[in-house]
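Have a look at the structure below before the remarks.
The values are calculated or read from the model by the stated rules, or taken from the named source; none is laboratory data. Worth saying up front: this structure is predicted, and the values here are computed from it rather than measured. Using ideal geometry, Cβ is built from the backbone for each residue, glycine included, and neighbour counts are taken over all protein chains shown.
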Amino acid sequence: MKRVAVIPGDGIGIEVISEAKKAIQAANSRKKMDLELVEMDYGAEKYLNSGVTMPEEQYDDFRENFDAILMGAFGDPRVPGNEHAKDILLGTRFKLDLYVNFRPVKLLDERFCPLKNKKPEDVNFTVFRENTEGVYVGVGGIFKKGTPDEVAIQEEINTRKGVERIIRHAFQFAENRGLTRVAMADKSNAMQYGHNLWYRCFFEIAKEYPLIKATHYYIDALAMLMIKEPEKFEVIVTNNLFGDIITDLGAQLQGGLGLAASGNINPEGVSMFEPVHGSAPDIAGKNLANPVAAILTAEMMLRHLGYEEQAGWIEEGVMEAIRSNKLTSELGGKLGTRECGDFISGIIRTSK
């Protein structure tokens, strides 16, 4: 039995994860998976009622008793600063050592792309973001806060171990799939210590993969080329901050955050999967949210767990919804969140 912890979170996270679960259950009804979904209530409501974000012992429970985690979105205007969101999301990434942020950027229909004359074959690449180091580790401080002399320092942490393992993962991914191009982005011309480490490690590891073309870009140049020529890319690897930025850029190339799935992977342990979008409190509870990103995230998770056939049915359900325009208003359709999820789940149960 494989076990999945399901944490819907806040806002539209609750609605879209409900539709993702529905898709999983539809696939399971067609061909049974040895899979248990265990729902957990971590989020703003629990934090406001109890002060609990994610207890330390929960991470041990994840490691010992679960094969994957499916998360929704976090953020609630009732929690100033969204401390709970930081603890749950970053805490899970750091404490479970989910060092691979895996973000496919795949255009499913050319009508969704904001770039003219770009087809699905032109926007089809994967971004690997280092997920446990960089500026997000929280090292730094503020001196003389609130005064005209205030000083704020935010440190970026890069270790050889951390840089090497994410770069090697990107090359291994490319090799396993018969891809021939891996790009790395840094800002080593301006950040000559930490990003020089990225530059050196990238080309050292590239020597282990002689059939793959390794190309280095400064991050500003890479962002420009993602817009101008997205077809140049097959695999991109970069650091935590830059990866955060360009994966949102990639999401827009494929049609918006409502289509963007992601995985936070520990290749030797439990991994966590989440749609890229936020909790959107302004539309929460109105049956307006686009559930496709969450459903595609469920598909990604099932592939990770070895359920390739069931994942394929979920992908086909999404593609049929796109072909038939059985979508929410965000993508030009007329359905609500639940109705879109119902349509996709119906296709999953019945498609050949």
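Worth a mention:
- Within segment 337-352, the set of residues being farther than 12 Å from VAL292 by Cβ and touching a helix residue (DSSP H, G or I) at 6+ places or on another chain (Cβ under 9 Å) comprises ARG338, ASP342, SER345, GLY346, ILE347, ILE348, ARG349, THR350, SER351.
- Residues (without any contact (Cβ under 8 Å) to a residue 60 or more places away in the chain and surrounded by fewer than 15 Cβ atoms within 10 Å (Cβ to Cβ)) located in segment 226-236: LYS228, GLU229
- Within segment 256-282, the set of residues being touching an Asp or Glu at 6+ places or on another chain (Cβ under 7 Å), under 22 Å from ILE167 (Cα atoms) and of a type in the set (Ser, Thr, Tyr) comprises just one member, SER262.
- Given (1) aromatic (Phe, Trp, Tyr); (2) more than 30 Å from ILE12 (Cβ to Cβ); (3) under 18 Å from the mean Cα position of the chain (by Cα), number of the condition PHE242 does not satisfy: (2)
- Yes/no for ARG93 being out of contact with any Phe, Trp or Tyr (no Cβ under 7 Å at 6 or more places or on another chain) and more than 20 Å from ILE17 (Cα to Cα): no
- Test: residue in segment 89-96 that is surrounded by 12 or more Cβ atoms within 10 Å (Cβ to Cβ), in contact with a strand residue (DSSP E or B) (Cβ under 6 Å, 6 or more places away or on another chain) and not small (Gly, Ala, Ser): yes
- Residues of segment 254-270 that are without any contact (Cβ under 8 Å) to a residue 60 or more places away in the chain and in contact with a helix residue (DSSP H, G or I) (Cβ under 7 Å, 6 or more places away or on another chain): LEU257 alone.
- Filter result (surrounded by 20 or more Cβ atoms within 10 Å (Cβ to Cβ) and either among the charged types (D, E, K, R) or under 15 Å from ARG93 (Cα atoms) (or both)) within segment 23-57: THR53, MET54
- Identification of helices (runs of 4 or more DSSP H) wholly contained in segment 1-90 with 3 or more residues that are not assigned by TED's automatic domain parsing to the domain that holds GLU339 yields no element.
- Every residue from segment 159-208 that is among the β-branched types (Val, Ile, Thr) and either out of contact with any helix residue (DSSP H, G or I) (no Cβ under 8 Å at 6 or more places or on another chain) or crowded, with 20+ Cβ neighbours inside 10 Å (or both): THR159, VAL163, ILE166, ILE167, VAL182, ILE205
- Failed condition for LEU48, given (1) out of contact with any Pro (no Cβ under 8 Å at 6 or more places or on another chain); (2) under 26 Å from ALA260 (Cβ atoms); (3) at pLDDT below 95: (2)
- Out of ASP220, ASP282, one residue alone is in the same structural domain as TYR59 (by TED's automatic domain parsing) and more than 20 Å from the chain's Cα centre (by Cα). It is ASP282.
- Count - residues of segment 110-157 that are touching a residue at least 12 places away in the same chain (Cβ under 8 Å), part of a helix (DSSP H, G or I), under 25 Å from VAL235 (Cβ atoms) and of a type outside the set (A, V, I, L, M): 2
- Qualifying residue in segment 319-340 (condition: touching a residue at least 24 places away in the same chain (Cβ under 8 Å), of a type outside the set (Lys, Arg) and either assigned to a strand (DSSP E or B) or not assigned by TED's automatic domain parsing to the domain that holds VAL16 (or both)): yes
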